[in-house]
Amino acid sequence: MAYQMVTATVAAFERWKAAFEENHTAREEHGSEGYHLFRGSDDPDEITVLMEFDTAENARRWESYLREQDDMDAAGMSDVDITYLDLVERQTVGQQTA
C-alpha cells in the first residue's frame, strides 16, 4: 500500500470539493483505493488529502495525470505540496502491534 499526501490552499472549498468528486472514476483508474480528507481547524481553505494507492507508481502517475490535465489550477489550488509515504505500521487503540 502506498500513500500520497496532498496539502494545499483552495480558493473556495466547495468549488474544489466538487472538482475533487468529479475525479472519482479517474482516481480509481489510477489505482486509488480511498482517501481521507481534512480541512484546517484554523483555516477551512487549507486542505490535506491522504490517498491510498495500490502501488507507489500509480500514486505518482495520478500526480502526473492531474498536472497534465491542469486540474489543480482549475480547481483553485495553490501552495500545493505532494508527499509520498509508505505505511510502516497501523495500530488501533487497545491493540498490540504484531
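Overall shape of the chain was characterised from the C-alpha gyration tensor. The equivalent ellipsoid obtained from it has semi-axes of 24, 18, 11 Å, in decreasing order. Judged by the mean number of other Cβ atoms found within 10 Å, the most tightly packed of the peptides 34-43, 8-17, 83-92, 50-59 leads the ranking 50-59, 8-17, 34-43, 83-92. Relative to the current alpha-carbon distance between ASP45 and PHE13, full extension at 0.36 nm per residue lengthens the span by 10.9 nm. Charges were assigned to the Cβ only: +1 to each Lys and Arg, -1 to each Asp and Glu. The resulting dipole of region 2-86 about its Cα centre is roughly 40 debye.
The angle between the Cα long axis of helix 13-22 and the longest principal axis of the Cα atoms of the chain comes to about 70 degrees, rounded to the nearest 10. For the chain, modelled as a GNM whose springs connect Cα atoms under 10 angstrom apart, the maximal fluctuation among GLU22, GLU33, GLU63 occurs at GLU22. Of the residues THR25, ALA2, ALA12, the one whose Cα sits farthest toward the positive end of the charge dipole of the chain, with +1 on the Cβ of Lys and Arg and -1 on the Cβ of Asp and Glu, is ALA2. The angle separating the long axis of helix 56-69 from the principal Cα axis of greatest extent in the chain is about 10 degrees.
Computed from the coordinates by the stated procedures, all read-outs in this text should not be read as laboratory data. Computed from a predicted structure; not experimentally measured. Every residue, glycine as well, gets a Cβ built from its backbone with ideal geometry; the counts of neighbours run over all protein chains shown.
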